[in-house]
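Trainee: Please see the structure below; I have some questions.
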Amino acid sequence: MKNILKLVGVIAAVLSLTACNSSDSDDSGKGLEVTPTVRSHSHNDYYRDEPFFGAVKLGFGSFEADVFYREGYDEVLVAHDEWETVFEWSFDDMYIQPLVQYVRDNEYRFYNNWSHSAVLLIDIKTQIDSEDSGYETWLAVEEVLSQYPDIFTTYENGVVKQGPVTAIISGHRPIEQMDAAPIRYSFVDGRLGDLGEITDPTLMPLISNNFSHFNQPQFGNFFGKGEWPQEALDELERIVTEAHANNQKIRFWATPEGNDYINNHIWSELVKADVDFINTDHQQDLHDWLLENDPHPSEPSVNWLDDPFWDPMYP
């Protein structure tokens, strides 16, 4: 039943994307007057009615695209599961070209009067063997990103130039190869196991983990029902404090959501703890909630430019 429901959802997304791609209207979002809600992360953004621009219109700070690439592919494809590659959703067409055009039209600011960098989270879903570790897919992604050095944050020989968009690699991450690269256009999404171990934000500016981390006995087996156990709140504070001390941002995926009660119950503690990105499949709900409840919805808690090796690309 679960697979059938997912198939129905994918078919609906295909129809929606077809309708969007066939439209003659210019809906680029140029010059939008929107209050950024920079904690908002658009999970599986490509399944939304309007990929990328739907979240831009709501001031999101982060967008997620799952990708596949294998030898013989003409290009990097957007898909959550490999069977979805039959739809041939082009990563370049769906995200890179609209994003590049939008930023250039907006005079190299992601949002008006906003000097920070939005995140394009690229989740490598390609099924790998022990020899690959996502390296082939990452190289294909890098080839795309490298064509736009005026847009994407760039690492070169120990120094970062922050552009309007920072691409971060999640999923199957070839960390060793990325760390060894003298020049790259993407960064690593870490895990809680990396917290305190890999502390260099020029490699790993983001730490992400499944919210189910709190569903363990030592944290009160919390997964959204009932009051937050104090042990879970203490652990949340510990994670955020340690990450922020290293100028790294924090995100949890699979956070419980779906109705007003659970949204407020979860999101309020995440904001109170200063979690940097809140995962959502409910874009409008999170945007509206943050405008009302986030004390500084437009300003990130961690500014990567505070790192001595992280400089602005544009003044």
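The values are calculated or read from the model by the stated rules, or taken from the named source; none is laboratory data. All values derive from a computational prediction rather than experimental measurement. When we count neighbours, we look across all protein chains shown, and the Cβ atoms used for this are built from the backbone with ideal geometry, even at glycine. Ligands, DNA and RNA are stripped out before the accessible areas are found, and what is left, the full protein with its side chains, is counted by its heavy atoms. Shrake-Rupley method; radii C 1.70, N 1.55, O 1.52, S 1.80 Å.
Trainee: Here's a check for you: in segment 188-199, which residue that is in contact (Cβ under 8 Å) with a residue 40 or more places away in the chain and not in a strand (DSSP E or B) is surrounded by the fewest Cβ atoms within 10 Å (Cβ to Cβ)?
Mentor: Gly196
Trainee: Just a yes or no: is a residue in segment 72-93 under 27 Å from Val302 (Cα atoms) and either surrounded by 21 or more Cβ atoms within 10 Å (Cβ to Cβ) or touching a Pro at 6+ places or on another chain (Cβ under 9 Å) (or both)?
Mentor: no
Trainee: Out of Ser28, Ser62, I need the residue that is among the polar types (S, T, N, Q), within 30 Å of Val275 (Cα to Cα), modelled with pLDDT under 50 and not in a helix (DSSP H, G or I). Which one?
Mentor: Checking each option against the conditions leaves just Ser28.
Trainee: OK, next. Here is a list: Gly224, Gly258. Which entry is on the phi > 0 side of the Ramachandran plot and open to solvent by less than 10 Å² (accessible area, probe 1.4 Å)?
Mentor: Only one candidate qualifies: Gly224.
Trainee: In segment 118-187, which strands (runs of 3 or more DSSP E) lie fully inside it and hold 2 or more residues that are open to solvent by 10 Å² or more (accessible area, probe 1.4 Å)?
Mentor: Output list reads 154-156, 159-162.
Trainee: Looking only at segment 227-255, which residues are assigned to a helix (DSSP H, G or I), open to solvent by less than 40 Å² (accessible area, probe 1.4 Å) and without any contact (Cβ under 8 Å) to a residue 24 or more places away in the chain?
Mentor: Passing the criteria: Ala232, Glu235.
Trainee: Here's something else I'd like to know. Would you mind telling me which numbered condition in (1) out of contact with any Lys or Arg (no Cβ under 8 Å at 6 or more places or on another chain); (2) modelled with pLDDT of 95 or more; (3) outside any helix (DSSP H, G or I); (4) not acidic (Asp, Glu) Asn209 fails?
Mentor: Condition (1) is where Asn209 drops out.
Trainee: So for segment 105-115 (the condition being without any contact (Cβ under 8 Å) to a residue 24 or more places away in the chain, over 19 Å from Ser208 (Cβ atoms) and of a type in the set (S, T, N, Q)), does at least one residue qualify?
Mentor: Taking every residue of segment 105-115 in turn, at least one turns out to be without any contact (Cβ under 8 Å) to a residue 24 or more places away in the chain, over 19 Å from Ser208 (Cβ atoms) and of a type in the set (S, T, N, Q).
Trainee: When you scan segment 301-310, how many residues do you find that are open to solvent by less than 50 Å² (accessible area, probe 1.4 Å) and either touching a strand residue (DSSP E or B) at 6+ places or on another chain (Cβ under 7 Å) or not in a loop (DSSP other than H, G, I, E, B) (or both)?
Mentor: Of the residues in that region, 3 qualify.
Trainee: Keeping to segment 75-107, report how many residues are over 20 Å from His43 (Cβ atoms), part of a helix (DSSP H, G or I) and either touching a helix residue (DSSP H, G or I) at 6+ places or on another chain (Cβ under 8 Å) or aliphatic (A, V, I, L, M) (or both).
Mentor: 5
Trainee: Among the numbered conditions (1) surrounded by 14 or more Cβ atoms within 10 Å (Cβ to Cβ); (2) touching a residue at least 60 places away in the same chain (Cβ under 8 Å); (3) out of contact with any strand residue (DSSP E or B) (no Cβ under 9 Å at 6 or more places or on another chain), tell me where Gln284 comes up short.
Mentor: Gln284 satisfies every listed condition except (1).
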